[in-house]
Amino acid sequence: MRAVGVVPGKREVQLIEHPVPQMSGAYDVKIRALDVGICGTDKEICTFVYGSPPDGSDYLVLGHESLGQVMEVGAGVSILKPGDLVVPSVRRPCVHPHCKPCQADLQDFCSTGDFSERGIKMNHGYMTEFYVEQEKYLNLVPTELRDVAVLVEPLTVAEKAFAQVWKIQERLPWIVSTDPVKSPGAGLRAVVLGAGPVGILGAMALLANGFEVFVYSRSEAPNPKSELLESIGATYISSKTTSVTELAEKVGNIDLVYEALGVSSVAFEVLEVLGTNGIFVYTGIPAPGPAIGVNADAIMRNVVLKNQVVVGTVNADRAAFQGAIRDLGTFLFRWPDQLKAMISGRFKIESYRDLLLGERSGIKNVISLD
Ligand SMILES: NC(=O)c1ccc[n+]([C@@H]2O[C@H](COP(=O)([O-])OP(=O)(O)OC[C@H]3O[C@@H](n4cnc5c(N)ncnc54)[C@H](OP(=O)(O)O)[C@@H]3O)[C@@H](O)[C@H]2O)c1
Ligand SMILES: [Zn+2]
Ligand SMILES: [Zn+2]
């Protein structure tokens, strides 16, 4: 069957003839790929900065943002059945018995670094016609989400981040209410850095949680991303026309920053204007570059004197996937046109070179195998 993969030994990105995977265990599920999202990670793997094939293979099948349909289930599978829509998670645990996170099914916190990731690290991905996965790594998706569920995986970044934010901000009991009716962000102001898919989905999650949301990103408005964000109630501010100091004056006390750009110079400048009792979440992964100057004294004084928290987050656990599926349903109900507009194009698998190596624009491009 067809698959898109990288061959690091030859530094090539290819359409590969990959064997159809066979079910081998009672808990296995065979899945037909429907949609695969393409993101910056896939493009970086195609430049060979990272990404590694499984042991014994000279290629790695790409793709970690998947929506699939169950074809066949093993005898031990209890919930899933043929026809169900599923989104698989990405990271698989390391084999070390002393790794407490992996032993606790929280491999997103793996302490040894020997985890694998489908489509990224030592494990084939989902940019292929069929794949086999264990039921415990699959998340059932309601059929109403068919057209947008490829966005579940990128939304899990925000889900894991905000689960931690709510826990940390329990130190401020007057804002994180135990009242289920009161939104945790009511009366608070959040700045999202970057208007890519991670930033836009983060902005949607923050709006749904009651925050006033400002998105600070590069391109001047109006542009398709700024228009989408303004139409759901966020304020879009371009870094081309507004400095970080002006951004801070406009927003007032910045209670939360959700960084989704991967540009350290901008991120550290914004850290300098984080508000009192504020929390700064880093999600971006900058390419290694030369050291940059930062206003370290001001940042350290603020972190201490303003009770600030800086937290990084990577990958996601099962709870984050389930939260993303639930929240995507909320977004679809509140902003159906805008959520669908996030998927800028659906393409056949043969377009892989243009999508992975070209300059194709848009928000989220998807390979459809349906
Ligand atoms: N932690 C995790 O688990 C995780 C998971 C997935 C991704 N990530 C990381 O999250 C980050 C965002 O991902 P994405 O897919 O949304 O990326 P993306 O599509 O590349 O979006 C980045 C956004 O940042 C803006 N930007 C770039 N340089 C800027 C600058 N100097 N000043 C202001 N804005 C700037 C871009 O503006 P334009 O619109 O003008 O281009 C774009 O809107 C990446 O670093 C990615 O590696 C992390
Ligand atoms: Zn991705
Ligand atoms: Zn581990």
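What do you get for the angle between helix 296-305 and the principal long axis of the chain? Use alpha-carbon atoms, 0 to 90 degrees, nearest ten.
Tilt relative to the chain: about 80 degrees.
Calculate, for the chain, the solvent-accessible area per residue in square angstrom, rolling a 1.4 angstrom probe over the heavy atoms of the protein chains.
45
What value, in deg cm²/dmol to 500, does the helix sum -39500 (n - 2.57) over DSSP H runs of n ≥ 4 give at 222 nm once divided by the residues of the chain?
The per-residue figure over the chain is -8000 deg cm²/dmol.
How high is the relative contact order of the chain? Use alpha-carbon pairs under 8 Å, at least six apart in sequence, and give a whole percent.
17
For the chain, modelled as a Gaussian network with Cα springs under 10 Å, which listed residue fluctuates most, VAL294, VAL244, VAL263?
With Cα springs under 10 Å in the chain, the top fluctuation among VAL294, VAL244, VAL263 is at VAL294.
If I stretch the segment between SER78 and PHE333 completely, what's the gain in nm (0.36 nm per residue apart, minus their alpha carbon distance), one decimal?
Net length gain for the segment: 88.8 nm.
Based on the Cβ-Cβ distance of LYS306 and ALA186, what FRET efficiency does E = 1/(1 + (r/R0)^6) give at R0 = 30 Å, to the nearest 0.05?
Step by step, r from the Cβ atoms, then E = 0.90.
For the ranges 275-282, 227-234, what's the packing order if you count other beta-carbon atoms within 10 Å of each residue, average per peptide, and put the highest first?
275-282, 227-234
Could you sort out which of LYS10/LYS348; LYS10/LYS136; LYS121/LYS306; LYS43/LYS240; LYS43/LYS306; LYS10/LYS81 sit more than 31 Å apart by Cα distance in this structure?
LYS10/LYS136; LYS121/LYS306; LYS43/LYS306; LYS10/LYS81
Using a 1.4 Å probe on the protein heavy atoms, what percent of the accessible area of the chain belongs to carbon and sulfur?
Here carbon and sulfur together make up 53 percent of the probe-accessible area.
With all protein chains present, calculate the accessible area of VAL4 using a 1.4 Å probe and round the result to the nearest 10 Å².
For VAL4, the solvent-accessible surface is approximately 0 Å².
Calculate, in whole percent, how much of the Cα-Cα pair population of region 1-45 lies beyond 17 Å.
The calculated P(r) of region 1-45 puts 53 percent of pairs beyond 17 Å.
With each pseudo-label sitting 7 Å past Cα toward Cβ, what's the THR235-VAL20 distance in nm, one decimal?
5.7
Please list 3J(HN,Hα) in residue order for region 256-272, calculated via the Karplus relation 6.51 cos²θ - 1.76 cosθ + 1.60 where θ = phi - 60°; whole Hz, with x for glycine and proline.
Going residue by residue, I get 8, 10, 10, 7, 9, 10, x, 10, 5, 4, 5, 4, 6, 5, 6, 4, 5 Hz, with x marking Gly and Pro.
To check you understand DSSP bridge types, tell me what percent of the beta bridges within the chain (both residues inside) are antiparallel, rounded to 5.
The antiparallel proportion sits near 55 percent.
Can you say what percent of the DSSP beta bridges in region 90-237, counting only those with both residues inside, are antiparallel? Round to 5.
If we restrict to bridges inside region 90-237, about 15 percent are antiparallel.
Rounded if a/c is under 1.5, else prolate if a/b is larger than b/c, else oblate: which is region 304-369, with a ≥ b ≥ c the root eigenvalues of its Cα gyration tensor?
The shape class here is prolate.
Which shape class, rounded, prolate or oblate, goes with the chain when its Cα gyration tensor gives a ≥ b ≥ c as root eigenvalues, a/c under 1.5 marks rounded, and past that a/b bigger than b/c marks prolate?
prolate
Stretched out fully, how many nm does the piece from GLN134 to ASP55 gain, at 0.36 nm a residue minus the Cα gap?
Gain on stretching GLN134 to ASP55: 26.5 nm.
Mind giving me the nanometre distance, one decimal, between the label points for ASN253 and TRP174, set 7 Å out from Cα along Cα→Cβ?
Result: 0.8 nm between the two label points.
The values are calculated or read from the model by the stated rules, or taken from the named source; none is laboratory data. Just so it is clear, the structure is predicted and the values come from calculations on it, not from any experiment. When we count neighbours, we look across all protein chains shown, and the Cβ atoms used for this are built from the backbone with ideal geometry, even at glycine. Heavy atoms of the whole protein, side chains included, go into the accessibility calculation; ligands, DNA and RNA do not. Shrake-Rupley method; radii C 1.70, N 1.55, O 1.52, S 1.80 Å.
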